[in-house]
1. When only the heavy atoms of the protein chains count and the probe is 1.4 Å, how do Arg333, Arg262 rank by accessible area, highest first?
2. Work the Kirkwood hydrodynamic radius out for region 379-427: mean of 1/r over every pair of different alpha-carbon atoms, inverted, in Å.
3. Given H placed 1.01 Å from N in the peptide plane, which residues other than close sequence neighbours of Thr170 have an amide H under 5 Å from its amide H?
4. Stick to Cα atoms and the Kirkwood definition of Rh, then tell me Rg/Rh for region 93-161.
5. What percent does the relative contact order of region 373-466 come to when contacts are Cα pairs within less than 8 Å and at least six residues apart?
6. Each residue of region 88-97 in order: what ³J(HN,Hα) in whole Hz does its phi give by Karplus 6.51 cos²θ - 1.76 cosθ + 1.60, θ = phi - 60°, with x for Gly and Pro?
7. With every protein chain left in place and a probe of 1.4 Å, what is the accessible surface of Lys114, to the nearest 10 Å²?
8. Could you compute the net charge surrounding Val322? Neighbours are other residues with a C-beta less than 11 Å from the C-beta of Val322; K and R count +1, D and E count -1.
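The values are calculated or read from the model by the stated rules, or taken from the named source; none is laboratory data. Predicted model, so just to flag it, every value in this text is computed and none were measured. When we count neighbours, we look across all protein chains shown, and the Cβ atoms used for this are built from the backbone with ideal geometry, even at glycine. For accessibility, only protein heavy atoms count, side chains too; no ligands or nucleic acids. Shrake-Rupley method; radii C 1.70, N 1.55, O 1.52, S 1.80 Å.
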Amino acid sequence: MNDENVLEQMGNNPNPSVAIMDRTTIVDIADASIDKDKQVIPEEEPLIDTKGNKKILFWLLSVFTSTGQFFFGNFFSAFAAEANVTGALMGFITSIRNLLSSVFQPFIGYLSDKLGRKFILFIGIFLNFAITVPLIFFESTWLIVTIAIIQALSLSIFVPTWNALLGDVTKPEIRATFIGKIASLGRLISVSFSLAIALIFYLTNVYEGWVIGGWTVYIDWRVQYSIAFAIAAVNSLIASALILSLKETRSEDLTHNRPQMRIAFQDKNFMKFVAFYSLFGFSLSFFWPVSPILQVKYLNMEFYQIAILSSVFIMVMSLVQVISGKLSDKFGRKPLFVFGAFVLVFYPVSMLPAIVTGNWLWLIAANTLAGFGTGTFFVSLNALTLDLAPDDLMGAYSGIRELFFGITTFCGSLASGFIIDSLESSYGLFFTIFWMLIGISILRFFASVGFFFVTESLPKNVREDRQNGKLNSG
């Protein structure tokens, strides 16, 4: 980035070695010294550099990868609950996905720093396509566990590489804004798909048994989930094809004398951030096995209702991301993610009215709150990670962050699953969910306090330079 504004005016310090000048040159120099509007300004490095790719390619990749991951991630746990997995097994599936989607990220991120982003991105998203296909046809317990493991591995390949790619093409001054916009577009498109499918399934539920044009209106739960997983698979396949047309974004001049990954572990500001982020992840993960059990087993929610909840969450999060990305670039990362963390503290207890009344519509308000907190929290954290990382270790930094996050969320989700089974066998499902939600909010509150001690990654002077118009937005 450039902290200075422009070079000195042309002609103020003429080169004494130049002995002969024509009259036109002398006049131009004289005019430049008088008229400040004629000063020569060097072209600043753009804050967004697509490395020879068209910007629309990044937007399309965001749309198709987000839609594929949305339909898999939002319906896989509910599908497992419909297949009657136990609370302990649900906790294991959730926890193993957390662990395996994170544990290899440092290595994969560092590998992408060395070898480039394109090939590794393709492997990650194509694997996601391949492993989703069996869910369209089968639902045995062993298959669900196997797919959970392999799909988590595909995420561990894709996520750090995609984050590093976004770091490749952006400068810190505009990074959060760009990440917020590109993530939001992808998620908003995925929401439109989800709402359309939810409407179709809602109508089939309302008019179930009717005969229209000789066809009986009926789509059972298995077919509904098959459609969702088919949408996920198709979007991942399209994203794989788009990646093949992507030009490499990793700078070629970084291939030699590349810093070792140990630099990240020696970075005190980064490791302090990772420690508090992982602790907060532990508190977040206690809720994850509770959610599908609450929706499917306690409230008996149908597919279209779950789709509506997911869509509300994504819509709010996507809109908030655009705003919070800009605010993060303007005021710094720390205020945004601290605020977002404390919003997420109240998400579990915001579900209590739904538990007490048995009405799933209360969850719409809860998911609105969750979307607001998540949109504020994660876009700032992603930008902070890339800010702290050297240009040639962005993938490694992103991967290391998720490694520790994955370990703690593995422990939290696994413990939560066993606690759910233990409490339910003794006190019943209502008591279990009710007190779990209260306990999780309390745990999140104490974990979120640590973010006050995280170091700001976007210096105030850089923010002020940008606000004063000294930096080119590219």
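1. Largest accessible area first, the residues go Arg262, Arg333.
2. Computed over region 379-427, the radius equals 13.0 Å.
3. Asp49
4. 1.03
5. Relative CO of region 373-466 lands at 29 percent.
6. Taking θ as phi minus 60°, the curve returns 5, 5, 4, x, 5, 4, 5, 5, 5, 5 Hz for region 88-97.
7. In the full protein context, Lys114 sits at about 100 Å².
8. Value of the local net charge: +3.
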